[in-house]
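Participant: I have a structure here, written as structure tokens, and I will follow up with some questions on it.
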Amino acid sequence: MTLKIRRALLSVLTIADLAAVAGVILTWVARSRGLFGAVPAGAARTARWWTFWHPTGADEMTWVLAGLSFFAAFPLLAELVLRRRFGRSPSPEIFFLRVFLLTLPLQVSRLIVPPVLDGLLPAAVGLMAARIAWFGRFMGLAALLNVGLFSTDIPFRRSGPVLGMSVLASMAVAAMLPLDVTQPTGNLLYRSGAEIPLALVCVSMEFLAVLSLGGVALTQKNRRYSLLAGAMIPVVVGTDMASFLTRPLLVPGAALMVVGVLLFARETRKIYQWI
């Protein structure tokens, strides 16, 4: 994958991020004018973390919108900084980190669910929004897995086919998820009939992403990659916590993500500058 193609891909994802930011801003404006309900109709329960559920509260939408605002704004700010600092860097670590971050705004598609529950849009649109959100989740984790893969001796120019397969695999999994149209949640997602398998897949991908970087550190005997693996831990843990957009995990999850990204970028810079 040439530098020009990588830049084009990141530019397309950045444009999608800008659209997500605009969608969140419009939703906050609509909420301030009383056009966006406090609790989505029919959402009786909210996932706190995978199989942990609690009744949907009156302030549920405040937490959801705060989480979606973070998922839209933080990747955009991070992309602006990383593009400035690593724009011409040959680092596959930073490239796949940027891809991971720019998949987070796909969670903003959840905002389509309330109009569906109000009968303004067909149910198929809501299911599609939920699948887009899951696609973003799987694609982001696949990008983190590729960090360790291309930190080895695999040439970075071969990242195109691997990234393409990651996109196809993520789309296939998201399309085949068994979603229950009668079970909308306070997280603005339709409840899946495969909660435990989904948890196992996501947690396993997060674990493997960290483990692969640890393997690179052992094979190359490079302490910097051990630190890079350590920096990825708050990224994956924070993502898993924040993705449910609910208390009490959203705030610490977002904080862990910010800290992890900063540490990851710092260690990558040291690896490629030999300092």
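Participant: Only one residue in L102, L82 is part of a helix (DSSP H, G or I), in contact with a Lys or Arg (Cβ under 9 Å, 6 or more places away or on another chain), in contact (Cβ under 8 Å) with a residue 12 or more places away in the chain and more than 15 Å from P40 (Cα to Cα), so which one is that?
Facilitator: Going through L102, L82 in turn, the sole match is L82.
Participant: Determine whether P92 is within 25 Å of M205 (Cα to Cα) and over 12 Å from the mean Cα position of the chain (by Cα).
Facilitator: yes
Participant: May I ask you to verify whether V251 is part of a helix (DSSP H, G or I), touching a residue at least 24 places away in the same chain (Cβ under 8 Å) and not acidic (D, E)?
Facilitator: no
Participant: For the range 167-174, does any single residue satisfy the condition of being of a type in the set (V, I, T), in a helix (DSSP H, G or I) and modelled with pLDDT under 85?
Facilitator: Checked against the condition, which is being of a type in the set (V, I, T), in a helix (DSSP H, G or I) and modelled with pLDDT under 85, the range 167-174 yields no hits at all.
Participant: For residues in the range 14-48 being over 28 Å from R191 (Cβ atoms) and touching a residue at least 24 places away in the same chain (Cβ under 8 Å), which is farthest from the chain's Cα centre (by Cα)?
Facilitator: This residue is L18.
Participant: Would it be correct to say that V235 is surrounded by fewer than 22 Cβ atoms within 10 Å (Cβ to Cβ), of a type in the set (A, V, I, L, M, F, W, C) and either at negative phi or at pLDDT 95 or above (or both)?
Facilitator: No.
Participant: For P75, state whether it is in contact with a Pro (Cβ under 9 Å, 6 or more places away or on another chain), under 18 Å from F264 (Cβ atoms) and touching a residue at least 40 places away in the same chain (Cβ under 8 Å).
Facilitator: Spelling it out, P75 is indeed in contact with a Pro (Cβ under 9 Å, 6 or more places away or on another chain), under 18 Å from F264 (Cβ atoms) and touching a residue at least 40 places away in the same chain (Cβ under 8 Å).
Participant: Would you check which residues across the range 26-56 are more than 20 Å from V116 (Cα to Cα) and touching a strand residue (DSSP E or B) at 6+ places or on another chain (Cβ under 9 Å) and list them?
Facilitator: Correct list: R48, W53, H54, P55.
Participant: For the range 189-207, which positions are aliphatic (A, V, I, L, M), assigned to a helix (DSSP H, G or I) and surrounded by fewer than 16 Cβ atoms within 10 Å (Cβ to Cβ)?
Facilitator: Correct list: I196, A199, L200, V201, V203.
Participant: Shifting gears a bit: Hey, can you tell me all the residues within the range 175-226 that are touching a strand residue (DSSP E or B) at 6+ places or on another chain (Cβ under 6 Å), of a type in the set (D, E, K, R) and at pLDDT 90 or above?
Facilitator: R191
Participant: I've got another one for you. Residue by residue through the range 1-54, note down the ones that are among the basic types (K, R), touching a Phe, Trp or Tyr at 6+ places or on another chain (Cβ under 7 Å) and assigned to a helix (DSSP H, G or I).
Facilitator: If the condition is that a residue be among the basic types (K, R), touching a Phe, Trp or Tyr at 6+ places or on another chain (Cβ under 7 Å) and assigned to a helix (DSSP H, G or I), then R6 is the only one that fits.
Participant: With more than 30 Å from Q220 (Cα to Cα), in contact (Cβ under 8 Å) with a residue 40 or more places away in the chain, of a type outside the set (A, V, I, L, M, F, W, C) and surrounded by fewer than 21 Cβ atoms within 10 Å (Cβ to Cβ) as the only criterion, which of D180, D118 stands out?
Facilitator: Unique residue meeting the criteria: D118.
Participant: Which members of the range 17-47 meet the condition of being surrounded by fewer than 16 Cβ atoms within 10 Å (Cβ to Cβ) and within 26 Å of S192 (Cα to Cα)?
Facilitator: Once the filter is applied, which keeps residues that are surrounded by fewer than 16 Cβ atoms within 10 Å (Cβ to Cβ) and within 26 Å of S192 (Cα to Cα), the range 17-47 yields G37, A38, A41, G42, A44, R45.
Participant: Next up: Among the residues in the range 83-103, are any surrounded by fewer than 23 Cβ atoms within 10 Å (Cβ to Cβ), modelled with pLDDT of 95 or more and hydroxyl-bearing (S, T, Y)?
Facilitator: No, the conditions are met nowhere in the range 83-103.
The values are calculated or read from the model by the stated rules, or taken from the named source; none is laboratory data. Keep in mind the model is a prediction, meaning the values are calculated, not measured. No Cβ is skipped: glycine too gets one built from the backbone with ideal geometry, and neighbour counts run over all protein chains shown.
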